[in-house]
Amino acid sequence: MAIDKEGKKNILGLGLISLMNDMSSEMIYPLLPVFLTSVLHASAASLGVIEGVAETTVSVLKYLSGYISDRTRKRKAIFAAGYTVSNIIRPLIGIATAWWHVLILRFGDRVGKGIRTAPRDALLAESAPETDRGLAFGFQRAMDHLGAILGPLIAAALIRFCDYPIKTVFLMSAIPGAVTIIIAFFAVKEKVPKENAGTKMKDAYRASITPRYMFFLLTVFVFTLGNSTDAFLLLRARNLGVALSMIPILWVAFHISKSLFSVPGGRLSDILGRKSIIMAGWALYSLVYLGFAFASTEIAVWVLFLVYGIYFGLCEGTEKALVADLVPDDSSRGNAYGMYNLAIGIGAFPSSVVFGVVWDAFGAHWAFIMGSGFALVASVMLASLKIK
């Protein structure tokens, strides 16, 4: 079954939203670790707390917003509101004068992400047939990463050629953020999911909880325990000699790799199966983290970031496509995406906090080895999941 005209418009619109939103977000994110540790003099543990709280907030709200979008059938209104919240609050990091200010603002930004993500993913899944679902999610992730390429380039240009301070760059991220809000409200149409005659709305929660799906969520949780915030990778890069002016460029190279591999990775999952692609991606992640543990040169950092992008290309869209495969009932899909993100959120806080504590207490070497181990265990667990 081919993607219909309305589905194509939605997929394109959701891709453009991701493009502009990440352009805004990534004018800030790659500079945030340096801003926190050098300008605000925060510790690695503080960075872990900020990112852990942020990601856990996202995931809990993703669960609630996914469930509500199933109940109300108003996916567009919910995700548009989420994009609005994020893009109003995020640029205010430019006026922060203490690390706890950043914590509050990152919390607000992540509230917006938590509201928008599950309804958006459910609408995207409903806009493409199963045979093209990996491709659709791969395209959305590719556009997301394209925005993450353009954002740091803009930030780097503003710092290098306009001599703007970091805080001014953060405030200027409001411009692509405003464009994001406009597109979110006007470029996407609600797509009413097909009702399953045997499933009532009150059964949506129960319909999404199957033994197979719950085991998949368990493997995602275990993987997340080793998947700390990428802010630590940027801090590691800085410690290994990457110049401050080159940090945004490194982040751009990373997202170029992500973008290049997102569509092929999603399409491969349509052809070869979701499980095998995710297992390969998680194993690659484990190797990359081992690489960061033992890296000693700036060149090694650049190579590792590029390889790390392949992991994202293989897994990001494929995991979301697998959620839709395991929960085929449209009436409970928002809830299913919410549960998926909740599993990530439960693991995100301890992952980043413990990573930061281990970094401070024993060094970056042991923190990255720990992350590598969790990824390898999750990959082995996933091998036992039976998927048609």
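Read the figures in this text as sums done on the coordinates, not as results from a lab. Just so it is clear, the model here is predicted, and its values are computed rather than measured. No Cβ is skipped: glycine too gets one built from the backbone with ideal geometry, and neighbour counts run over all protein chains shown.
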Can you sort S43, S384, S352 by how many other beta carbons sit within 10 Å, fewest first?
S384, S43, S352
Give K8/K386; K62/K189; K320/K386; K167/K258; K74/K258 a once-over and call out the pairs whose C-alpha atoms are over 23 Å from each other.
K8/K386; K167/K258; K74/K258
Length gained when the stretch L287-H365 is fully extended (0.36 nm per residue, less Cα-Cα span)
26.7 nm
R0 of 41 Å, Cβ-Cβ distance T210-A243: FRET efficiency to nearest 0.05:
0.25
On a 0 to 90° scale, report how tilted helix 333-362 is relative to the longest principal axis of the chain, with both axes built from alpha carbons and the result rounded to the nearest 10.
20
Given R₀ = 35 Å, what would the calculated FRET efficiency be for Y164 paired with K9, taking r from the Cβ atoms and rounding to 0.05?
0.40
Exposure-ranked with fewest Cβ neighbours within 10 Å first, F170, F349, F216 stand as F349, F170, F216
Under 17 Å from the 7 Å Cα→Cβ point of L64, by amide nitrogen: which residues of region 333-377?
335-346
Cα-based helix-to-principal-axis angle, 364-383 vs the chain, degrees rounded to 10:
10
Identify which of the listed values of Rg and Dmax of the Cα atoms in Å was calculated from the structure shown: [x] 23.0, 72; [y] 19.7, 62; [z] 28.3, 90.
[y]
With charges only on Cβ, +1 for K and R and -1 for D and E, what is the dipole size of the chain about its Cα centre, in debye, rounded to 20?
820
When the chain is modelled as a GNM with alpha-carbon springs shorter than 10 Å, which of K320, K74, K113 fluctuates the most?
K74
Measure nothing but the geometry: give the 0 to 90° angle between the long axis through the Cα atoms of 99-126 and the longest principal axis through the Cα atoms of the chain, rounded to 10°.
30
Using a 7 Å offset from the Cα along the Cα-to-Cβ direction at both K74 and I299, what is the distance between the two label points in nm, to one decimal?
5.8
Given the C-alpha centroids of region 2-20 and region 162-180, what is the distance between them in whole angstrom?
27
